[in-house]
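Values quoted throughout were computed directly from the atomic coordinates according to the rules given, and no laboratory measurement underlies them. Just so you know, these numbers come straight off a predicted model, no measurement behind them. As a convention, Cβ positions derive from the backbone with ideal geometry for all residues, glycine included, and neighbour counts pool all protein chains shown.
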Amino acid sequence: MSQPSPSAPERSGATVVITHRVLPGRHDEYEEWLTEIGAACRGSVGFLDHQIIRPIQDLSATYTVVIGFDTAEHVRAWVESEERRVLIEKAKPFLQTDNAYAIHSGLDFWFMPTGVRAQEPVRWKQFLVIWSAIYPLSFGVPLLVVPALAQLGIVNRAIVTLPVTAIMVGLMVYVVMPRYTKLVRKWLFT
């Protein structure tokens, strides 16, 4: 069996979480820009996937973009690339604040205290916390959403899955994980 070369990057996965606050009335321009930078990002070495969490109308102006890469080196290469720098400059006229981002391995960003450099919890503990949070959501959200969509005549499984998963991810990112990780923090980091 061949051994990987010492210069080969370790394929452990990494994520960059980017937040942008968009000026009022400039969301359409930002959405067009997202299409442009998304295409550039997808062409980057090591790109795996991305998720865009859009603001809730009349409640927030913050977009959160989570981009997955196969290695931390590939995340850094994208974030520090000239192509991205040019695109960020292009977006500045419709952003309220500077481009803010943080690079993490896997889904570790859920487990890191805000603004603090901390040791990552071990993977098996991360697995248990995420699983125990997703498990009840995977039962509860469909119980509420599927009947409501059926009342509207929407029964196609592929279409029904879109709002169900969107609600689950929104709850995980904004409601469940921030509170849950605080509750289990002592156990996570021991």
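What is the stretch 125-190's relative contact order, in percent, from Cα pairs under 8 angstrom and six or more apart in sequence? If you can, show how the numbers build up before the last one.
Numbers: 22 pairs, mean separation 28.9, N = 66.
Once normalised by length, the contact order is 44 percent.
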Worksheet entry | Set of lysines near residue 125 by C-alpha distance (under 26 Å), chain-local residues within fewer than 8 positions excluded | 182, 186
Discussion item. Going by Cα centres, the stretch 130-171 and the stretch 69-97 are how many Å apart?
Written reply: 33
Worksheet item: For the peptides 37-46, 163-172, 67-76, what is the packing order when you average, over each peptide's residues, the other Cβ atoms within 10 Å and list the highest mean first?
Response: 67-76, 163-172, 37-46
Worksheet item: For residue 138 and residue 51, what is the calculated FRET efficiency with R₀ set at 25 Å and r taken between the beta-carbons, to the nearest 0.05?
Response: 0.90
